[in-house]
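Engineer: First, the structure itself, so that you have it in front of you.
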Amino acid sequence: MPCLLLTLGMALVCSVQATDMPQTKQNLELPKLAGTWHSMAMATNNISLMVMVKSALRVHVTSLWPTPVDHLEIVLHRWENNSCVEKKVLGEKTENPKKFKINYMGANEAMLLDTDYDNFLFLCLTDTTTRIQSLMCQYLARVLVEDNEIMKGFIRAFRPLHKRLWYLLDLRKMEEPCHF
């Protein structure tokens, strides 16, 4: 089973019922997000979104591109029909500059939790249409270099939440976008 090859480790106690994720207090500078990103880790409150390689939200975000009207194009890769495919998802701006309306495989919101623009970005894809929201969050990095302090920060981003288990998948040893 391919999942045994992965580091599926930490269980974090969290809740997602009508809860806003912690976010940076700074204003978002969308143009600074432009460019290549690498998926370093994924966290979810719904293990079925992670266990199977072909799960709908088990994706590798590979780049972000702001549009002239402050929307955000999210380029990702995922397994589909036994091959790695690239998908482009348009995030439409909302009143909250860190949230974008999307329409992708059950997710209807992309939320930027935290970033320093040069090293890391924490991004969540969320289905807010159900009573208990399903989230797939990612720690993205500009370069494929392990940074344990940023990984700890990614984990801390979920500490204020409670009551639901979070499952963490560490992707730092994997090189290719669809090499799950």
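Engineer: Only strands (runs of 3 or more DSSP E) wholly contained in segment 1-114 count here; list those with 2 or more residues that are at pLDDT 70 or above and touching a helix residue (DSSP H, G or I) at 6+ places or on another chain (Cβ under 6 Å).
Structural biologist: On the way: elements: 7-14, 38-44, 60-66, 72-80, 83-93, 99-104.
In segment 1-114, 60-66 are the strands (runs of 3 or more DSSP E) which contain 2 or more residues that are at pLDDT 70 or above and touching a helix residue (DSSP H, G or I) at 6+ places or on another chain (Cβ under 6 Å).
Engineer: List pairs: first residue in segment 51-72 and open to solvent by 30 Å² or more (accessible area, probe 1.4 Å), second residue at pLDDT 95 or above and in a loop (DSSP other than H, G, I, E, B) anywhere in the structure, Cβ distance under 6 angstrom, at least six positions apart or on different chains.
Structural biologist: Going by the 6 Å Cβ cut-off, the qualifying pairs are 65/34; 66/34.
Engineer: Please go through segment 112-126 and give me each residue that is touching a strand residue (DSSP E or B) at 6+ places or on another chain (Cβ under 9 Å) and open to solvent by 20 Å² or more (accessible area, probe 1.4 Å), ordered by number.
Structural biologist: Passing the criteria: 114, 119, 120.
Engineer: Take the conditions farther than 17 Å from residue 77 by Cα and either open to solvent by 50 Å² or more (accessible area, probe 1.4 Å) or without any contact (Cβ under 8 Å) to a residue 40 or more places away in the chain (or both) and apply them to residue 129. Does it pass? Reasoning before the result, please.
Structural biologist: On the way: farther than 17 Å from residue 77 by Cα: yes; either open to solvent by 50 Å² or more (accessible area, probe 1.4 Å) or without any contact (Cβ under 8 Å) to a residue 40 or more places away in the chain (or both): yes.
Here the answer is yes, as residue 129 does meet what is asked.
Engineer: Just to be sure before I move on: is residue 33 open to solvent by less than 40 Å² (accessible area, probe 1.4 Å) and either of a type in the set (D, E, K, R) or closer than 14 Å to residue 123 by Cβ (or both) in the structure I sent? Quick ask: steps written out before the conclusion?
Structural biologist: On the way: open to solvent by less than 40 Å² (accessible area, probe 1.4 Å): yes; either of a type in the set (D, E, K, R) or closer than 14 Å to residue 123 by Cβ (or both): yes.
Yes, satisfied.
Engineer: Check segment 162-178 and report whether any residue there is open to solvent by 70 Å² or more (accessible area, probe 1.4 Å), among the basic types (Lys, Arg), in a strand (DSSP E or B) and modelled with pLDDT under 90.
Structural biologist: Pass one, segment 162-178, residues open to solvent by 70 Å² or more (accessible area, probe 1.4 Å): 162-165, 173, 175-176.
Subsequent filtering for residues that are among the basic types (Lys, Arg) retains 163-164, 173.
Right, trim to in a strand (DSSP E or B) and you get 164.
Next cut, modelled with pLDDT under 90 only: 164.
The answer is yes, given that some residue of segment 162-178 is open to solvent by 70 Å² or more (accessible area, probe 1.4 Å), among the basic types (Lys, Arg), in a strand (DSSP E or B) and modelled with pLDDT under 90.
Engineer: Now a separate question. Of all the residues that make up segment 87-111, how many are open to solvent by less than 50 Å² (accessible area, probe 1.4 Å), under 24 Å from residue 47 (Cβ atoms) and hydrophobic (A, V, I, L, M, F, W, C)?
Structural biologist: Matching residues across segment 87-111 total 5.
Engineer: For the structure I just gave you, tell me whether residue 44 is in contact with a Cys (Cβ under 9 Å, 6 or more places away or on another chain), open to solvent by less than 40 Å² (accessible area, probe 1.4 Å), β-branched (Val, Ile, Thr) and in contact (Cβ under 8 Å) with a residue 24 or more places away in the chain. Lay out the reasoning, then the answer.
Structural biologist: Values: in contact with a Cys (Cβ under 9 Å, 6 or more places away or on another chain): yes; open to solvent by less than 40 Å² (accessible area, probe 1.4 Å): yes; β-branched (Val, Ile, Thr): yes; in contact (Cβ under 8 Å) with a residue 24 or more places away in the chain: yes.
In short, yes.
The values are calculated or read from the model by the stated rules, or taken from the named source; none is laboratory data. Not measured: the values here are computed from a predicted model. Here the Cβ is made from the backbone with ideal geometry for all residues, glycine too, and neighbour counts use every protein chain on show. The protein model used for the area step is the full one, side chains on, heavy atoms only, and it has no ligands, DNA or RNA in it. Shrake-Rupley method; radii C 1.70, N 1.55, O 1.52, S 1.80 Å.
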